[in-house]
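Here the structure is laid out as C-alpha cells; the discussion comes afterwards.
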Amino acid sequence: MRSMPKAVRGAVAAAVMLGSCAAFGVLAVRPSPSQAEVDALAATFSFTAEPVNTAPPGANRERPVAPGLRGIRSWISAVGAAVAATDLRGLGRPGDLCLVDPRDDSVTVRPVPRDAEPYEPVRLSPTGVAYDATMAPMGCVPADLDEDGDLDLLVYYWGRSPLLFVNTASPTAVPRPGTFRARELLHPMEVWNSTTANVGDIDGDGHLDVLVGNYFPDGAKVLDPAAADDERVAMQDSMSRARNGGVNRILLTTPRGPDVVPDLVDAGNALSETAATSWTLSIGLQDLTGDGLPELYQANDFGPDQLMVNTSEIGRVRFTEVTGDRDLTTPKSEVLGHDSFKGMGVAFTYDRGSRLPTIVVSNITTPYALHESNFAFVPDGDPRDLLDGALPYREQSERLGLARSGWCWDVKTGDFDNDGVEEILQANGFLKGEVDRWPLLQELAMGNDELVRHPWAWPAFGPGDDVSGHESNPFWVKGRDGVYTDLAPAIGIAEPDNSRGLALADVDGNGTLDVVVANQWEDSVLLRNRSTAGTGANLRFVRAATTPGGPEVQALGVQVELHHPDHPQRAQLYPANGHAGVSAAEVPLSLPDHTPAPVTVTWRDASGLHEARVDVAPGRWTAVLHGDGTVALR
C-alpha cells in the first residue's frame, strides 16, 4: 500500500473504514420478525376502540402560563390527561372511570362506554376549598383512605396540594352530584405541582399511605399569567442531573372515621435530598425483599431514577437507595441510579412466576431525536442482594426488543389473551402539530447544561408545533424466543393519539383485560378486548370487618402466586403504579386449562406478615383477608 499515491491510500483507507462501519451497522441492527411470525403472534389479539368522552364546549388546546413560560406554553401544557378504572357501585367489576380531561380541566366520574347500567357523568367540583384558574388537575387515584368501606378519590393538581373527594354514599350507590365532597388533604393548603401519586402501606401499620411526586418547585405558580418575576418558575437545572424540582412527599395516614380526612404525618424526610427534589413523573411500588413492605422506584425526568429499599417500622419510614454497577458492555446512561434518561413510567412484570420482577421503564426513544432507550431491568440475582446494598438487575431492553418505541409516558403490563404471559402497553406522544420542532429541541439538548433552567433559553413551543405528536401506542407481545414485537399496527390499534395514562381493567366482567387510554387534548378511548382468550380468574381483596356489621375495607399491596405446572404466575396489587393511569384494584390470573389452581396469598397488616393458600377457579372472586391469617373466597 506504501507504493500507492497518497491520495489513493487515503481513498482506500476511507473505503475500508466505511465498509467496516457498514458491516458493524448491519450486525447492530435488531432483526425483525417475518410477516408470518407477526401474523401468528397477532392471531389471538383483537380490540375495538370506543370513545370515552367528547370535546367539551369551548375546548382548550393549551393552558395560560406564567409570563416567563409564555414562549414554551405548549410544552408546559403537554400533561394533565389521566384516568383511573374502579368499581364505585359495587358491581363486582370495574365499570366506573375517574377521568381527567385537560380540555376543560375537568375531573369526572362516569361509567365505561356502553355500560349495562349507565348514569350521567358527575363532575368533581372543588367547592368549599381554595381553588382558582391557576390550578389544574393532573390525576385521580381511588382509595378507601378513611376505611369506611367505600372508595374515595384522591385528586392531585398543578397549583395546589391534593384534595380528597370523600365518598358520602353507600358502597353500592350510583354516583350523583354531591356524592363526592372536596376536603383539603393538607392544612393549610400549599402550592404544589404534582404529576403523579400512588398509595400503599409504606410502614406496615395496615393503613394506606399517600406518595406524591412533584414536578415544578413548590410555590411556583406555573399556570398563573400574573406570576411575573417569580424565580421559582424555573425549568430543570440540567438535562441529565436535574434536582431542583418540587419536593416529593410520603404522607402516613391514620384514619379518623367515615368521610373524614385521615390524620397525616409527612415522612418525606426519609427520602434523600436528591430523591426528594427530582422532577418525578412516575412512582412504582413493589415488595422486592419479601417482607411485605414495598420498595419504591422513582422514575425521574431529566435525571437518574432511584430504587429505594424499604426497611421501615410502624411510624418510622426508612429508605436506602441501591444503585447498579457499570460493566464493560453497559453504558452509564443505562445503569440504574446513574442513568441520564427521561424516566416517565414504570411497571413490573414477572417472567413465569420468577421471584423478582422485570422492571420496565418508559423513556424518550424517538428515532433521530433524543434517541435514548426504554429500560428493562431483568433480575440476575437474589432479593437478599438488595438488603446487602447490591442491585440484582441488569438492563436488557435491547436484547428483549423493548429499547425503542417513541416518546413514552405510562407503561402497563397485563395478560390480554390469558395464556400466562403478560404483554406490555405504553402511552406515546408529546406535542401534536404541523411544524416539526425536534431539531430545535435536539439543539437545546446538545447545549450548555447551565442554560436549561432558564425558560428564555428554550426554543419556542407554541400552537401548531409538533414534537413526536403522531406516534402510536406500542402493544408489545413476547415471542417464543423471548423477544417482544410491537403488534399495534398488526391488530389495528396503531392510532396517532397523544396518550398519557393507561388503566387496565376487565370493565365488562367477561374475563379479559380491557384498556382505557387517557389522551391529551383529544378524546380518550376504551380498547375493548375481543381477543381469543383462555379462561381467567379475577381476585379482589378486602380486609374482613373488625366489628359486627362493620365495613370491609379495600386491601392493596397483596401478593399472589399461582402454582401451575405450565403457567406459574406472580403479581402484586399496586394499581396506581405508573404515570397517570390507575388500573382496577384486582389481580387477574390466567387459567388456560379451565381448571382451579392453588394460589398463595401474602399480605401484611399491623400484626405482621400473613400467608394463606386457596384454590381459585375461573371467574370473579372477592378474597376476604382475616386477621388470623386465613383467606375466604366468595
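Rolling a 1.4 Å probe across the protein heavy atoms gives the stretch 504-634 an accessible surface of 36 Å² per residue.
If DNA, RNA and ligands are ignored and the probe is 1.4 Å, what is the ranking of GLU120, GLU586, GLU190 by accessible area, most exposed first?
Order by accessible area, largest first: GLU120, GLU190, GLU586.
In the distance distribution for the stretch 546-634, Cα-Cα pairs more than 18 Å apart total 48 percent.
Give the whole-number value, in cubic angstrom per residue, of the convex hull volume spanned by the C-alpha atoms of the stretch 308-377. List each step's numbers first, then the result.
On the way: hull volume 9.5 nm³, N = 70.
Residue-normalised Cα hull volume stands at 136 Å³.
Only Cα sites of the chain enter the Debye sum here, all with the same form factor; the resulting log10 I(q)/I(0) across q = 0.07, 0.09 1/Å is -0.41, -0.69, listed in q order.
The peptide list 542-549, 478-485, 264-271, put in order of mean Cβ contacts within 10 Å with the highest first, becomes 264-271, 478-485, 542-549. For the stretch 179-263, the alpha carbon convex hull comes to 137 Å³ per residue, rounded to a whole number. A simple count of charges around THR329, restricted to other residues whose Cβ falls under 15 Å of its Cβ and scoring Lys, Arg +1 and Asp, Glu -1, yields -2. Shape analysis of the stretch 231-337 yields a ratio of the Cα radius of gyration to the Kirkwood radius, Rg/Rh, of 1.04.
Span-like helices, the chain: DSSP H, alpha-carbon axial extent 27 Å or more, mean Kyte-Doolittle 1.0 or greater, which ones?
Working: long enough: 6-28 (33 Å, 1.55).
Span-like helices here: 6-28.
A cut-off under 11 angstrom between Cβ atoms defines the neighbours of GLY501, and their net charge, with Lys, Arg +1 and Asp, Glu -1, is +1. Count Lys and Arg as plus one, Asp and Glu as minus one, and take only other residues whose Cβ is under 9 Å from that of THR48; the net charge is then +1.
Two decimals is fine: what's Rg over Rh for the stretch 292-409, C-alpha atoms, Kirkwood radius as Rh?
0.97
Here the accessible area is traced with a 1.4 Å probe on the protein chains. For the stretch 177-236, carbon and sulfur cover 50 percent of it.
Where the accessible area of the stretch 407-474 is counted over protein heavy atoms with a 1.4 Å probe, how much of it, in %, is carbon and sulfur?
Summing carbon and sulfur atoms, their accessible area is 54 percent of the total for the stretch 407-474.
Scattering from the C-alpha atoms of the stretch 448-487 alone, worked out with Debye: what is log10 I(q)/I(0) at q = 0.14, 0.30, 0.34 1/Å? Reported log10 I(q)/I(0), two decimals: -0.62, -1.00, -1.05.
Compute the projected area of the convex hull of the Cα atoms of the stretch 495-571, averaged over all viewing directions, and report it in nm² to one decimal place.
8.5 nm²
Based on alpha-carbon atoms, the Kirkwood radius and the radius of gyration of the stretch 213-254 give Rg/Rh equal to 1.08.
Per residue Cα convex hull volume for the stretch 465-616, in cubic angstrom? Enclosed volume per residue, from the Cα hull, is 178 Å³.
Relative intensity of the stretch 245-298 on a log10 scale, I(q)/I(0) at q = 0.15, 0.26 Å⁻¹, equals -0.57, -1.04, per a Debye sum over C-alpha point scatterers of equal strength in the absence of solvent.
Measuring with a 1.4 Å probe in the full set of protein chains, what accessible area per residue, in whole Å², belongs to the stretch 30-155?
38 Å²
At 1.002 mPa s and 20 °C, plugging the Kirkwood radius over alpha-carbon pairs of the stretch 102-237 into Stokes-Einstein gives what diffusion coefficient in µm²/s?
Numbers: Rh = 16.3 Å.
After rounding, the answer is 131 µm²/s.
The values are calculated or read from the model by the stated rules, or taken from the named source; none is laboratory data. On a predicted model such as this, the values are computed, not experimentally measured, just so you know. Positions of Cβ are backbone-derived with ideal geometry, glycine not excepted, and every protein chain shown enters the neighbour counts. Side chains included, ligands, DNA and RNA excluded: accessible areas come from the protein's heavy atoms. Shrake-Rupley method; radii C 1.70, N 1.55, O 1.52, S 1.80 Å.
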